[in-house]
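**Student:** Attaching a single structure in structure tokens format; questions to follow.
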Amino acid sequence: MKIDASILQDAAAIAAIRKDIHAHPELCFQEMRTADVVAQQLASWGIALHRGMATTGVIGIIHGRDGGACGRGVGLRADMDALPMQEFNTFAHASTHPGKMHACGHDGHTAMLLAAAKQLAARRDFDGTVYAIFQPAEEGGGGAREMVKEGLFTQFPMEAVFGMHNWPGGKVGTFAVSAGPVMASSNEFKITIHGKGSHAALPHNGIDPVPIACQLVQGFQTIITRNKKPVDAGVISVTMLEAGEATNVVPDFCVMQGTVRTFSVEVLDMIEQRMREVSEKLCEAFGARCEFSFRRNYPPTINSAREAAFARTVMEGIVGAENVTAQEPTMGAEDFAYMLQAKPGAYCFISNGDGDHRSIGHGGGPCTLHNPSYDFNDDLIPLGGTYWVKLARQWLAAPQGR
């Protein structure tokens, strides 16, 4: 691996910042302390700041040797927020805030971008501007959407924007990137079936919403298997079913909730329409009434072909072609999708290892994302930081419109 020597030298200090952030997790749009830590570090390295976008966002503005006069720019994005989870780890940097935890590695993402920002500012051996985007509220808050709405790309002109997420299970020293959809859209539905309550011993006097719900659960799967093309990906999962308060009463209503995931808006449009039709018509057939609501959270994350290929070239120059794999699309969601809707770019994975890096005192179970025993692997800081530095420099050095 060709790791930047200066970033490697700083790795322990940056890891200490990462552990401090891990010990003080903050939820979406509440990242006040985290934003202060990031801003203080950037300012200490002579980096100009913009704060307050999407409430707690921080943008480091790193002009090159031309002072940014050429007008070119590229964005590098890291997320900062934690999850509403109780941490099982007991090592020294475990969460000090009950019910909050950095279980997805956003503390590490922040650290990798800080490592890169320091070196980019120290050298400024490029023309143009690098924007280090520290984004709040990825975990359900749509912080990327809010930053775009508030003028991220108009206030800070950039040709492309890039993101990176740690990925447990793979060998440290490997990356994955591909063109096209790499993460799914995230959507929620809520269906209330209004029947007619009755005594459970006299069900003919009522309209039981429970068997209607059971038929809906099964019927939704025919949307996946019979309405959707087999080559298109889509998931409908009913994850909550609530009905009744007593064993001898047919309930008056039943509530179903769940999630829908797709890799394209077209498939999502079809699924939403068919779910609504099936729900309303089936309830009508049984003499019940249906309330159907569908909320679209995050769109699919779709990498631009040119930018994904560029990112791959940078990675191969660091770890070798044999250590850069194709991204296996995942049905998880990511709000970086909103940035990719507005700008070309690519979202990649950097392997976090299998969990052997965790200190004594880690919780039981695997080191997987959104797991109470998770911890970011600090060995990724010099590698991720090197990737960011090389990506920014090579992008700005290449001909515009490459």
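The values are calculated or read from the model by the stated rules, or taken from the named source; none is laboratory data. Please read these numbers as outputs of a predicted model, since none were measured by experiment. Heads up, the Cβs are rebuilt from the backbone with ideal geometry, glycines too, and the neighbour counts pull from every protein chain shown.
**Student:** Condition first: among the β-branched types (Val, Ile, Thr), over 30 Å from residue 271 (Cα atoms) and in the same structural domain as residue 282 (by TED's automatic domain parsing). Now tell me which residues in the range 155-202 satisfy that.
**Tutor:** Filtering the range 155-202 for residues among the β-branched types (Val, Ile, Thr) gives 161, 172, 174, 177, 182, 191-193.
Applying the additional criterion that residues be over 30 Å from residue 271 (Cα atoms) yields 161, 172, 174.
If the condition is that a residue be among the β-branched types (Val, Ile, Thr), over 30 Å from residue 271 (Cα atoms) and in the same structural domain as residue 282 (by TED's automatic domain parsing), then no residue fits.
**Student:** A further question follows. If you check every pair at least six apart or on different chains, which have Cβ atoms under 6 Å apart with a residue in the range 359-384 that is among the acidic types (Asp, Glu) first and a residue that is surrounded by fewer than 24 Cβ atoms within 10 Å (Cβ to Cβ) and at pLDDT below 95 second?
**Tutor:** As it stands, the answer is 375/358, since those pairs meet every condition given.
**Student:** What number of residues within the range 42-60 satisfy the criterion of being surrounded by fewer than 19 Cβ atoms within 10 Å (Cβ to Cβ) and closer than 17 Å to residue 113 by Cα?
**Tutor:** Residues that pass the stated criteria total 8.
**Student:** Next up: Go through 317, 345, 258 for me and flag whichever is out of contact with any Gly (no Cβ under 9 Å at 6 or more places or on another chain), touching a residue at least 60 places away in the same chain (Cβ under 8 Å), among the small types (Gly, Ala, Ser) and not assigned by TED's automatic domain parsing to the domain that holds residue 220. If you could, list the steps in order and put the result at the bottom.
**Tutor:** Details: 345 fails: out of contact with any Gly (no Cβ under 9 Å at 6 or more places or on another chain); 258 fails: not assigned by TED's automatic domain parsing to the domain that holds residue 220.
Just one listed residue meets the conditions, 317.
**Student:** I want to confirm something. Restricting to the range 127-173 and keeping residues that are of a type in the set (Phe, Trp, Tyr) and closer than 21 Å to residue 304 by Cα, which single residue is surrounded by the most Cβ atoms within 10 Å (Cβ to Cβ)? Step through it out loud before you land on a result.
**Tutor:** Taking the range 127-173 as the starting set, the residues that turn out to be of a type in the set (Phe, Trp, Tyr) are 131, 134, 153, 156, 162, 167.
Okay, now just the ones that are also closer than 21 Å to residue 304 by Cα, so 131, 153, 156, 162, 167.
Working: 131: 23, 153: 16, 156: 18, 162: 31, 167: 21.
The residue in question is 162.
**Student:** Among the residues of the range 88-100, are any in contact (Cβ under 8 Å) with a residue 24 or more places away in the chain, touching a Leu at 6+ places or on another chain (Cβ under 8 Å), in the same structural domain as residue 24 (by TED's automatic domain parsing) and surrounded by fewer than 24 Cβ atoms within 10 Å (Cβ to Cβ)? Write out each step before concluding.
**Tutor:** Residues of the range 88-100 that are in contact (Cβ under 8 Å) with a residue 24 or more places away in the chain, as a first pass: 88-97, 100.
Okay, now just the ones that are also touching a Leu at 6+ places or on another chain (Cβ under 8 Å), so 100.
Now restrict to residues that are in the same structural domain as residue 24 (by TED's automatic domain parsing): 100.
Of the ones still in play, those that are also surrounded by fewer than 24 Cβ atoms within 10 Å (Cβ to Cβ) are 100.
Within the range 88-100, one or more residues are in contact (Cβ under 8 Å) with a residue 24 or more places away in the chain, touching a Leu at 6+ places or on another chain (Cβ under 8 Å), in the same structural domain as residue 24 (by TED's automatic domain parsing) and surrounded by fewer than 24 Cβ atoms within 10 Å (Cβ to Cβ).
**Student:** Mind listing just one residue for me: the one in the range 285-310 that is aliphatic (A, V, I, L, M) and farther than 26 Å from residue 141 by Cβ and, of those, surrounded by the most Cβ atoms within 10 Å (Cβ to Cβ)? Even if it seems obvious, please write down each step before you answer.
**Tutor:** As a first pass, look at the range 285-310 and keep what is aliphatic (A, V, I, L, M): 285, 288, 302, 305, 308-309.
In the following step, the residues that additionally are farther than 26 Å from residue 141 by Cβ were identified as 285, 288, 305, 308-309.
Numbers: 285: 10, 288: 19, 305: 13, 308: 23, 309: 15.
Restricting to residues being aliphatic (A, V, I, L, M) and farther than 26 Å from residue 141 by Cβ, the top hit is 308.
**Student:** While we're on this one: In the range 83-104, is there at least one residue being modelled with pLDDT under 95 and within 16 Å of the chain's Cα centre (by Cα)? Explain how you work it out, then say what you get.
**Tutor:** Let us first name the residues in the range 83-104 that are modelled with pLDDT under 95, namely none.
Scanning the range 83-104 turns up no residue that is modelled with pLDDT under 95 and within 16 Å of the chain's Cα centre (by Cα).
**Student:** Also, I was wondering about something else. Residues that are small (Gly, Ala, Ser): list the helices (runs of 4 or more DSSP H) wholly contained in the range 290-402 that include at least 3 such residues. Can you show your working first?
**Tutor:** Values: elements: 305-319, 336-342, 380-397.
So the answer is 305-319, 380-397.
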